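**Q** Structure below; questions to follow.
The values are calculated or read from the model by the stated rules, or taken from the named source; none is laboratory data. No experiment lies behind these values; they were computed from the predicted model shown. Here the Cβ is made from the backbone with ideal geometry for all residues, glycine too, and neighbour counts use every protein chain on show.
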Amino acid sequence: MHRTVWAGCLAVLATGACTTVDRFSGLDGPPGGYVSGTSPFHRTMSSLNPFSDYNEQWTLVRVIAPPGATRCRIVDANPFSPDGPLTVGAPNAGREVTLAYDANATFAEFECRTPAGVMKRRVDAVPYTWPELFGYRRAFPIVTQVKPPLVHIDPTDPEAEQRWRDLATELCPVVSERASGFVCKPGMLEKLRAKDIEPE
């Protein structure tokens, strides 16, 4: 939805109707959760058509920085996607920093500044195809691009396996198609983990 809305926003850029996203929700969510944002343009569109949900969405990603890193940021490859609320941050004592990446992107790319220079990492999303709804087959499958909720800038980090085990306990006490988060759908956590620490 939000790609279409942003394209419409660009079409009226000259009129001044496009403005920066200024209201966010979901910032305190867990890794893999979603942050939603709206601008005055989005809210105007929603008031004109209250049956549609006009907003931007980002996925929360827990980034593990290399030792000594002082700053990590998102490398946004799409100039038409508005900046999210968490594009840059300083790692904590556990080398963790939470960033928010475009929810519709097919990959996520990050970089961290270290004493030895800048380290970069790109991780592809895992497509999740929605199952049939109430037994009805869809003419066109609905696919959601799911970014790994945990990304190690250095995939050989010796603590990576343990972090993924801890995250599974934190996020997915139950793995089921009924789970609200995509990372807890059957088989998804394993695929997302492989994208992070078993790069091709």
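**Q** Residue under question is residue 108, and the condition is that it be in a strand (DSSP E or B), touching a residue at least 12 places away in the same chain (Cβ under 8 Å) and under 16 Å from residue 192 (Cα atoms); does it hold? It would help to see each step written out before you state the result.
**A** Values: in a strand (DSSP E or B): yes; touching a residue at least 12 places away in the same chain (Cβ under 8 Å): yes; under 16 Å from residue 192 (Cα atoms): yes.
Taking the combined requirement at face value, the residue satisfies it.
**Q** Which count do you get for residues in the stretch 158-200 that are part of a loop (DSSP other than H, G, I, E, B), in contact with a helix residue (DSSP H, G or I) (Cβ under 8 Å, 6 or more places away or on another chain) and either charged (D, E, K, R) or surrounded by 12 or more Cβ atoms within 10 Å (Cβ to Cβ) (or both)? Talk me through it step by step, then tell me what you get.
**A** Step one: filter the stretch 158-200 for residues part of a loop (DSSP other than H, G, I, E, B), giving 158-159, 172-181, 185-187, 198-200.
From what is left, the residues that are in contact with a helix residue (DSSP H, G or I) (Cβ under 8 Å, 6 or more places away or on another chain) are 172, 174-176, 181.
Filter again for either charged (D, E, K, R) or surrounded by 12 or more Cβ atoms within 10 Å (Cβ to Cβ) (or both), leaving 172, 175, 181.
Of the residues in the stretch 158-200, 3 are part of a loop (DSSP other than H, G, I, E, B), in contact with a helix residue (DSSP H, G or I) (Cβ under 8 Å, 6 or more places away or on another chain) and either charged (D, E, K, R) or surrounded by 12 or more Cβ atoms within 10 Å (Cβ to Cβ) (or both).
**Q** In the stretch 91-108, what residues are surrounded by fewer than 16 Cβ atoms within 10 Å (Cβ to Cβ) and touching a strand residue (DSSP E or B) at 6+ places or on another chain (Cβ under 6 Å)?
**A** Going residue by residue through the stretch 91-108, those that are surrounded by fewer than 16 Cβ atoms within 10 Å (Cβ to Cβ) are 92-94, 106-107.
Once the filter is applied, which keeps residues that are surrounded by fewer than 16 Cβ atoms within 10 Å (Cβ to Cβ) and touching a strand residue (DSSP E or B) at 6+ places or on another chain (Cβ under 6 Å), the stretch 91-108 yields 106, 107.
**Q** Then there is this: Look through 145, 162 and report the one residue that is modelled with pLDDT of 95 or more and of a type outside the set (Lys, Arg). Before the answer, list the steps.
**A** Working: 145 fails: modelled with pLDDT of 95 or more.
After applying the criteria, what remains is 162.
**Q** Could I ask something else about it? Could you look through the stretch 54-103, keep only residues that are of a type in the set (Phe, Trp, Tyr) and not in a strand (DSSP E or B), and pick out the one that is modelled with the highest pLDDT? Let's see the steps before the verdict.
**A** So in the stretch 54-103, the residues of a type in the set (Phe, Trp, Tyr) come out as 54, 58, 80, 101.
After this cut, where a residue has to be not in a strand (DSSP E or B) as well, the list is 54, 80.
Values: 54: 56, 80: 65.
Across the stretch 54-103, the extreme among qualifying residues is 80.
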